[in-house]
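Report on one structure; see the data block that follows.
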Amino acid sequence: MKKIFALQICIIFLLTSITYSQNTFQKGSEYCSMKKSSSMNPILSGDSPNSPRHSFDVINYKLDLNIRSCFISPYPKSFTGSVIVKFKIDSVLNFINLNAVNTSITVNSVGMSGVSFTHSSNILTITLDRIYNPGEVTEVLINYQHNNVSDNAFYASGGGVFTDCEPEGARKWFPCWDKPSDKATTDMTVRVPSSVRIGSNGRLNDSTITGDTIIYHWISKDQVATYLTVLTGKVNYYINKGSWPKISNPLDSVPVRLYYNSGENTTNIKSIIMNMTTYFSQRFGEYPFEKIGFTTAPAQGFTWGGMENQTLITLCAGCWSENLVSHEYAHQWFGDMITCATWADIWLNEGFATYSEALWYEKTGGYTSYKNDINSNASSYLNQNPGWPMYNPQWAIVTPSTSELFNFAITYAKGACVLHMLRYVLQDTAVFFEVIRSYANDTAEFKYKSATTDDFTAKISSAAGQDLTWFIEQWVKQPNHPVYQNMYQFTDMGSGNWKAAFLAKQTQTNTPFHKMPIVLKITFNTGPDTLIRVMNDYNSQLYLFMFNRQPSTLTFDPNNDIVLKQGSTSPGIVNISDPLLSVSDNYTLNQNYPNPFNPTTTLDFSIPMSGKVNLTIYNQLGEKIETLLDEYLTAGNHKVEFKAGDNIPSGIYFYTLISGNFVKSKKFTLLK
C-alpha cells in the first residue's frame, strides 16, 4: 500500500511540475487540498483534550533566531533561537505546558518567570516562579536549538529557507501553544547573510547590517494563529514592490510585496492581486492587515499548491496562477483574520476560500462563469464523497489525519457548495453578501479572532433575521446529501383549467431529510413559463397548483441551485387525496400587461385571505431591483403598477409574490 501511494505521489509530482511550469492551474482549491492533505506533518500526541479552552492565553511570541548558517552550503537545518512567551493566566497555575517536538527542538534553558522545565513526549512543561491567579500576565524565556533534521516544517536547501506549519507544525521550529484558537501577536528577529531577503508576518520594523549579516525585525500587530506563522527567505531573492490604496482612505495604502525566484514574472499577477484586493474588500470588508505579501517557495519541499500564511502567502515555485492566488488570498479574510477555532471548523477556512474562487470567476466572467465553477465543485463532491460530514465534533479533541482534514470533496468542494446554497436560500444576493460582511466585520466576536461553526450559525441567523440552524445542521453537521424521487401529474379540470400536482420526495437512508426551498419551472403549450418557489419542509410533501392553460412539463430546480443532490423528477400518478398537504388553489399571480413593456406595466394577483404580501422585482442574477409591495392586504384582487426607472436597462426580469405559504414568480421583459 505504501509503495502504491509513493508511486501516486511521484506521478502527481511529475504531472504538476509540468503543469506549474506552464502556469495553467485548473482550480486553486484542488492544489491547496493536494498540498495540505499530503502534508508530512503527522499529528502528534499531547494536545489538550479540552481545546480550545486551556489554563492560559498566549498574548505574544517574541522570537530571536540565528538562521545564518542555513543559507550557506551544506545548508544545515540547525539553528539557535530563543522565544519569550507572554501569556495571561486563565486559571490558578504554577506551570504551563507548551508544544515542542523532541526530535526537532532541544531546549537548553528557561528564564524570566520560568524556573525549571521538563521536555518529553513533545510537551515542554515549564515550572513557574510562583502560583499565578486568573487575570495575571507574565512571560517565560526559552532558549533552544533546532536540530539538523528534516521535519517537514522548517526547510533549508540550496540557499533558501521557509516554514510550512498547517495543521500542527509550528511546534517543530519554536515552542508554542499550537492550537488554532490561541492567536497571538508576533515579534520576529532573524539573523541571515547580507545577500538574503527574508519575510515574515506583519511589517518590517527595521533591518540592520552588521558586517556580512543582516538582522531583520518583523512585527505583526495583529494576532496570528501558530500554523500561520511564517519565515521565508533566499539568497538573491527578487522582490516586486507596490502599494494598494485603501478604499476607506485613498491617501493611505497597504504595501504589496511579491518575493519570487529567478525566471519568474510577477508583473501580470501583481495587477490581478490589486484588482482582487479591491473586489474582496468590497465583498468582505476592507483588506484587514498591514501588508499584502506573496512568495514562491525558495527551497525544495514545497512542490505544489499554496499556504495562506498571514500577510505572506507561500506558493510553489512558478505558481503565479490566478486561481491559486484567489483561493489563498481569500484566506486572509477567512482563515487568517477569522480562524477556525478548532480543526472541526476547518470548513470555515477552506469552504470560504474555495467559494471565493467562484466569486472571482463571477467578477471576471459573470454569473455563468461563477456557476460553472460551483457545478464543478458539486461534481467533485458527488464523485468523490467519502461519506462523512464537514463538521465532526471529535476533530476538536483529536486532530484527524491530514488526508481527512483536507479532503477536497468534503472540506473544499462541499464547503463552497454549501455557501452557494446559503446564497440561494437567502434568495437576495445583496442580503447574502450583507450577511457575510456582517460576519467578517464583527469586531466583538470574530474579526481578528476565531470562530466555531455554532458561532457562525448564530451570527448569520442574526444578520439574516431568520434562524438558519436547520440549514447548517443538515448541510454541515450531517453527512451526504438528499436523493430525490419526485413525481408530478397534470389533470384536466375542464373549462380550460388544469391542476398540477407535485410530490417532493427524498429517498436517501444515509442522511436525514434535508429541508430546502425548491423552485419548480412549469412550461405550457401556450404562453410563457412559470416559476414557483415553495418551502419543502418535510418529506413526501404534496403541492397543488391551478392554471387556466395546459401545462406540458415540470422541471425541478431548473437552475440547479440545490447543487448537492441526486435523483429524478418524472411524471406519474400522484395521490392527492389529502387536501391538507396542498397549496391553496385560490392564490393567483397573473402575467403582467403589457408584456414586453416600456416603461410601465400592470401586475395583478388575488389572495384568498387577508395577510402580509410581498411583491418584488428581480433581475436574472436574482438581485433585487425594487420591492413594489410589502404590506398587509385584504383578501381579493389587487393591481400594482410598475414603472421602470431610467437606471433599469432593457432585459428579462422576474416578479415574485409571497403571501403566507404561497410563493410564485413570473418572467417579464422590458424593452426600451
Residue set LEU419, LEU426, LEU468; condition at negative phi and free of Cβ contacts under 8 Å to residues at least 40 places away in the same chain; output residue LEU426
Which residues, taken from the range 429-458, are of a type in the set (D, E, K, R), assigned to a helix (DSSP H, G or I) and without any contact (Cβ under 8 Å) to a residue 24 or more places away in the chain?
ASP454
Identify the single condition in (1) over 28 Å from PRO288 (Cα atoms); (2) part of a loop (DSSP other than H, G, I, E, B) that ALA409 does not satisfy, given that it satisfies every other one.
(2)
Test of understanding: among PRO175, PRO245, which residue is modelled with pLDDT of 95 or more and surrounded by fewer than 16 Cβ atoms within 10 Å (Cβ to Cβ)?
PRO245
Of everything in the range 299-316 that's modelled with pLDDT of 95 or more and in a loop (DSSP other than H, G, I, E, B), which residue is surrounded by the fewest Cβ atoms within 10 Å (Cβ to Cβ)?
CYS316
Would you pick out the residues in the range 622-640 that are in contact with a Phe, Trp or Tyr (Cβ under 9 Å, 6 or more places away or on another chain), modelled with pLDDT under 80 and in a strand (DSSP E or B)?
none
Restricting the range 389-404 to residues that are within 27 Å of VAL563 (Cα to Cα) and touching an Asp or Glu at 6+ places or on another chain (Cβ under 9 Å), which is surrounded by the fewest Cβ atoms within 10 Å (Cβ to Cβ)?
TRP395
With respect to the numbered conditions (1) closer than 27 Å to ILE518 by Cβ; (2) surrounded by 16 or more Cβ atoms within 10 Å (Cβ to Cβ), which one is the sole condition not fulfilled by ALA644?
(1)
Among the strands (runs of 3 or more DSSP E) lying completely within the range 493-608, list those that include at least 2 residues that are within 22 Å of LEU621 (Cβ to Cβ) and not assigned by TED's automatic domain parsing to the domain that holds GLU641.
516-524, 530-536, 551-556
Quickly run through the range 135-186 and pick out the residues that are assigned to a loop (DSSP other than H, G, I, E, B) and of a type in the set (Lys, Arg).
LYS179, LYS183
Got at least one residue in the range 350-368 being within 14 Å of the chain's Cα centre (by Cα), within 25 Å of GLU166 (Cβ to Cβ) and among the polar types (S, T, N, Q)?
yes
Within the range 113-134, track down each residue that is outside any strand (DSSP E or B) and either closer than 14 Å to VAL85 by Cβ or touching a His at 6+ places or on another chain (Cβ under 6 Å) (or both).
SER113
Selected residue (only one of SER69, SER104, SER109, SER78 is surrounded by 21 or more Cβ atoms within 10 Å (Cβ to Cβ) and modelled with pLDDT of 95 or more):
SER104
Out of (1) buried (at least 17 other Cβ atoms within 10 Å of the Cβ); (2) modelled with pLDDT of 95 or more; (3) farther than 30 Å from ALA416 by Cα, the one ALA504 does not meet is (3)
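The values are calculated or read from the model by the stated rules, or taken from the named source; none is laboratory data. Because the structure is predicted, anything quoted here is derived from the model rather than measured. Here the Cβ is made from the backbone with ideal geometry for all residues, glycine too, and neighbour counts use every protein chain on show.
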